[in-house]
Ligand code: ING
């Protein structure tokens, strides 16, 4: 019997610095209600869905920095989202910034959770690939995720939910093949990815004009090469004068884009995903056990690190 999951990708328009969480959560609830109206089982929200993308600035005041993080999940601000989900009987995936206190240390992560229809958190992921820098560079736009987040310490978990095997990744993770393969080796059937992708941060015009192409290229490759669905959801538009790409999409294990947003605002796109759609690839073309030969790939000296291009 086919296993269908009706998925909503709830793309967000900009969240300006002045917008408080109550206002943002109202936007999320409205899109959750729309997704429910379409008969969806789960709604996927972007990375850093609750605040503006603050790593674009150098923030030296710790209290101000802490104001962008959640110290508990759920908490008072997001409880209306959890309550609405439970009332409607719909699950969701949410990206947010997490502060945890462990062994007397304050730790900061760029985090994503998956919540099932009963309101239970069934999956958690902490972003591993941090783009940008930890120190300010001599350009007008900063990208200081390495300064504000530790590297995720949960690996790439694949967990049962909504009748299938689910996984999560966050933004820059989607550009690295290891992200999908680590989950592909666990038999993942749907990867949910939120992103906030500014154009022009590395001041390479050649890259900027291809930003949307590169976005879909890595998502479609990751989906097809690992025979999995990919749901990729943007926070986009002009946020604090930073231009961020949209084109949120739902991608089948074939690599085909089956749904895509067409605005740079709050927009819900939907697709009825057959979780068995990846089987024909997993059993043949991308049968990892039958065809993949890691023992013959030669010694990958990971500790040596990448070869730095000579400028
Ligand atoms: N954002 C961007 C991303 O990987 C980036 C960073 C922007 C990298 C532009 C390269 C070019 O989509 C996050 N938050 O990772």
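Look at where the Cα atoms of the stretch 172-249 and of the stretch 121-145 average out, and the two centres are 15 Å apart.
In this simple spin-label approximation, residue 185 and residue 122 carry label points 7 Å from Cα along the Cα→Cβ vector, and these lie 2.5 nm apart.
Potential lengthening of the chain between residue 209 and residue 17 amounts to 66.4 nm, from the contour at 0.36 nm per residue minus the alpha-carbon distance.
Can you give me the relative contact order of the stretch 4-302 as a percent, contacts being Cα pairs under 8 Å and 6 or more apart? If you can, show how the numbers build up before the last one.
Numbers: 669 pairs, mean separation 62.6, N = 299.
Relative contact order here is 21 percent.
Separation of the stretch 4-57 and the stretch 68-116, taken as the distance between their Cα centroids, equals 13 angstrom. Just to be sure I understand the curve: with the Debye formula and one point per C-alpha of the stretch 179-311, what is log10 I(q)/I(0) at q = 0.11, 0.19, 0.21 Å⁻¹? Ignoring solvent entirely, the Cα scatterers give -0.51, -1.09, -1.17.
The chain gives an Rg/Rh value of 0.95, both radii derived from C-alpha positions and Rh following Kirkwood.
Throughout, read-outs are computed from the coordinates displayed, never taken from laboratory work. The model shown is predicted, which means the values in this text are computed figures rather than measured ones. Counting neighbours? That spans all protein chains shown, and the Cβs are built from the backbone with ideal geometry, glycine included.
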